[in-house]
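To start, the structure under review is shown below, and the notes come after it.
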Amino acid sequence: MVKKQTDVCELFCYNKAKVDMLKKSLPPSDKLTKLAEIFKVLGDTTRVKILLSLSGGELCVCDIAHILGLSISAVSHQLRLLRGLGLVKYRSEGKMAFYALDNGHIIKLINEGIRHIGK
């Protein structure tokens, strides 16, 4: 008779020292919540395209809309979400609205993801 393999432990026990050490090493809940929010935002192709476009430097909303083939309104909505998480920054010059990456870390994360999928 062949024994069926399962992907769970058949006996409940754990390594207390290892579990306690790992629990202490986890970041605080508020940081994990913010991290999860960033990954949620990156779950949208349009927002990833915006971030990648901004990796080339500051762009006005109209430039981004043309790059993506979207309306200015649609792009503005996405930029507000990215700005709310501190991923992009905004400045105005007269009647123009310009956006840039707030820091390069997010592009490193995106590029690592692209490497992971084997582009």
Accessible surface of the range 7-119, 1.4 Å probe, proportion on carbon and sulfur as whole %:
59
Calc'd 3J(HN,Hα), the range 67-76, phi into Karplus 6.51 cos²θ - 1.76 cosθ + 1.60 (θ = phi - 60°), Hz, glycine/Pro = x, comes to 4, 8, x, 10, 6, 4, 4, 5, 5, 4
For the range 87-92, Karplus couplings with θ = phi - 60° (6.51, -1.76, 1.60), whole Hz, Gly/Pro x
8, 10, 10, 10, 8, 10
K31 paired with Y90, simple spin-label distance in nm, labels 7 Å along Cα-to-beta-carbon:
2.9
Label-point separation, C60 to R115 (7 Å along Cα→Cβ), nm
3.6
Where in the chain is the longest stretch that carries no chymotrypsin sites (Phe, Trp or Tyr not before Pro) classed as loop by DSSP and with at most 16 other Cβ atoms within 10 Å?
15-119
Considering the chain as a Gaussian network with a 10 Å cut-off on Cα pairs, which listed residue, G94, G104, G86, attains the greatest mean-square fluctuation?
G94
Which pairs, out of K40/K89; K23/K108; K40/K95; K34/K95, put more than 25 Å between their alpha-carbon atoms?
K23/K108; K40/K95; K34/K95
Could you give the semi-axes, largest first, of the ellipsoid that matches the chain, computed as the square roots of 5 times the alpha carbon gyration tensor eigenvalues and rounded to whole Å?
41, 18, 12
Listed by chain and number, the lysines with an alpha carbon less than 28 angstrom from that of K16, same-chain partners under 8 positions apart left out, are K24, K31
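The values are calculated or read from the model by the stated rules, or taken from the named source; none is laboratory data. Note that the structure is predicted; figures quoted are calculated from it, not measured. Cβ coordinates were reconstructed from backbone atoms using ideal geometry, including for glycine residues, and neighbour counts include every protein chain displayed. Ligands, DNA and RNA are stripped out before the accessible areas are found, and what is left, the full protein with its side chains, is counted by its heavy atoms. Shrake-Rupley method; radii C 1.70, N 1.55, O 1.52, S 1.80 Å.
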